[in-house]
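Peer 1: Attaching a single structure in structure tokens format; questions to follow.
A short reminder: the numbers here are calculations on the coordinates, not readings from a lab. Owing to the predicted nature of the structure, the values given are computational and were not obtained by experimental measurement. Note: ideal-geometry Cβ built from the backbone for every residue, glycine included; neighbour counts use all protein chains shown.
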Amino acid sequence: LQRQYAAELPLTTVTLDGLRVYLYINSGLLSSVDSETGCDSDGIGLYRTEVLFMLRQFFPGEQEQLDIYRKVLRAANNKPVVMRTLDVGGDKPLDYFPIVEDNPCLGWRGIRLSLDHPELFLVQLRAMLHAAIDSQQLHILLPMVSNLEEVDLALVYLEQAYQELTVELEQSFSMPKVGIMLEVPVLLYQLDEVAKRVDFVSVGSNDLTQYLLAVDRNNPNVNALFDSYHPGVLRALKFAVERCNANHLPISVCGELAGEPIGAMLLVAMGYEQLSMSQASLSRINYLLRRVSKLELSALLDKALSLYTGGEVKALISEYCEEKG
Ligand code: PEP
Ligand code: MG
């Protein structure tokens, strides 16, 4: 069956009723970008730079980062690449920068760490900007944002990196688009203000689910409670796309949900038109979305949102798929 999905990949993803859905790949390894670009995705929707940091013995320097980011952009073949700034802490430790905390998931993670260490943040921003100097592909994504001050401060550092580089390289170039991860629930209620500051939003449904439900996504004791299909989580995801659409703020989903067949169908029904997923999921989701209509999915979504549990939601959509064959 995998072979059958793959055979369809060069086709763009359009639903039966004509909606174009953009499918991107999540990646973190240069080697995987190389092979990923062989297939026909719409680009890299999430490049997790922390993987590069986790594979080293110490923080990679500017030149090393520059070389790798350059290769990633080149491998993506003129397609957009969303590079996320360092997202360590929580479930992603760095051996050479140990963080000991009682509640790591509520602790020093993502943008919090970068803003507290501008010397690291600036090096990374400069390397990204420099790598993209001759292309329009780069989109910079800020992880674990929980307030507007963090966005504003990050943009100040980005401007600083940009100014420094234009002087040093004696070259003017365009500033890449900048976005934030929507994974801390409070930002759901500040999307109007977010829209005034950034160019796009990417929903981290893994962390958003974790924080909406107060369930550690990696704790086996409470694993069963981690459920992105919880009708309340689905309502939050629908609210996010509606607020972003109202603000003409492009929004995508790059958490696991986007690469799950039932998740992708629900997200398209809500109004999401950009999904980023693992390479392994891409052909399957492409195959599936080309055989459904958004109109039908929307009716299903209304039912799903009023159900009692995530299990019931999944059963409803599975039943629909079986009926459709
Ligand atoms: C997410 O939280 O959904 C996400 C994509 O980021 P990560 O899984 O890398 O935390
Ligand atoms: Mg996350």
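Peer 1: Between Glu101 and Tyr189, what is the label-point separation in nm under the 7 Å Cα-to-beta-carbon projection?
Peer 2: 2.2
Peer 1: Can you give me the Cα centroid spacing of region 57-87 and region 90-120 in angstrom?
Peer 2: Spelled out, the Cα-based centre of one part sits 20 Å from the other.
Peer 1: What do you get for Rg/Rh over the chain if you use C-alpha atoms and the Kirkwood form of Rh?
Peer 2: My calculation puts Rg/Rh at 0.96.
Peer 1: Let me ask something additional. By counting other Cβ atoms within 10 Å of each Cβ, how are Cys254, Cys105 ranked from fewest to most?
Peer 2: In increasing order of surrounding Cβ atoms, one gets Cys105, Cys254.
Peer 1: What's the longest uninterrupted piece of the chain once you rule out the GluC sites (Glu not before Pro) that are loop residues per DSSP with at most 12 other Cβ within 10 Å?
Peer 2: No qualifying site falls inside 171-325, the longest such stretch.
Peer 1: Starting from 0.36 nm per residue, how many nanometres of slack lie between Asp67 and Leu305 once their C-alpha separation is accounted for?
Peer 2: 81.1 nm
Peer 1: Which of these, Met54, Met83, Met181, has the largest mean-square fluctuation under a Gaussian network model of the chain (Cα springs below 10 Å)?
Peer 2: Met54
Peer 1: Only counting other Cβ atoms within 10 Å, I'd like Ile133, Ile317, Ile140 sorted with the fewest neighbours first.
Peer 2: Fewest-to-most Cβ neighbours within 10 Å comes out as Ile133, Ile317, Ile140.
Peer 1: As a footprinting exposure proxy, order Arg20, Arg74, Arg84, Arg48 by other Cβ within 10 Å, with the fewest listed first.
Peer 2: In increasing order of surrounding Cβ atoms, one gets Arg20, Arg74, Arg48, Arg84.
Peer 1: So, one more: Counting helices only, and only those DSSP H runs with n ≥ 4, report the 222 nm mean residue ellipticity of the chain as the sum of -39,500 (n - 2.57) divided by its residues, in deg cm²/dmol to the nearest 500.
Peer 2: Value at 222 nm, helices only: -14000 deg cm²/dmol.
Peer 1: Just in region 270-322: which chymotrypsin sites (Phe, Trp or Tyr not before Pro) are loop by DSSP and have at most 10 other Cβ atoms within 10 Å?
Peer 2: Tyr308
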